[in-house]
Amino acid sequence: MALIPNSIIGRVVACVWMLACVGMLVFAWEQQGIHDMPEAFIWLMIFLTFPIGYAVAMVIGVVMSVLPQSTAAYQPFWDLVPMWLALTVAGYLQWFVAIPWLWRRLRGQQRAI
């Protein structure tokens, strides 16, 4: 299982997808002062990483709600960085590693039949 797509088209799509994810991080940094930015950020990242992103976001949300909260000033950007990292890794593994591997495997089985 390769971590980088083999085809040129796959690499271009992976680069565009990664740029969209990095763009979401820049969006979160630039819009820190807007009170609804975390919700928009999380939903847009779930959209980029759907369907696994929905499950990952739920798990991280539960884990972060159980962890003790800091008494320091609320920093919405820094609270979203772990979510961004987890969703980006999960989404990349889903779209560019697991699905192509499954596709190749299913195509190989169809030829054998």
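The values are calculated or read from the model by the stated rules, or taken from the named source; none is laboratory data. A quick note: this is a predicted structure, and the numbers were derived from the prediction, not measured. No Cβ is skipped: glycine too gets one built from the backbone with ideal geometry, and neighbour counts run over all protein chains shown. For the accessible areas, the whole protein counts, side chains as well, though only heavy atoms, and no ligand, DNA or RNA atoms are used. Shrake-Rupley method; radii C 1.70, N 1.55, O 1.52, S 1.80 Å.
Okay, here's what the table says:
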item: Positions within the range 17-57 being within 30 Å of R105 (Cα to Cα) and open to solvent by 90 Å² or more (accessible area, probe 1.4 Å), in sequence order; result: L19, F47, F50, Y54
item: Yes/no for M64 being in contact with a helix residue (DSSP H, G or I) (Cβ under 7 Å, 6 or more places away or on another chain) and open to solvent by less than 80 Å² (accessible area, probe 1.4 Å); result: no
item: Options W84, W103, W95: the member that is among the hydrophobic types (A, V, I, L, M, F, W, C), surrounded by 12 or more Cβ atoms within 10 Å (Cβ to Cβ) and out of contact with any Leu (no Cβ under 7 Å at 6 or more places or on another chain); result: W95
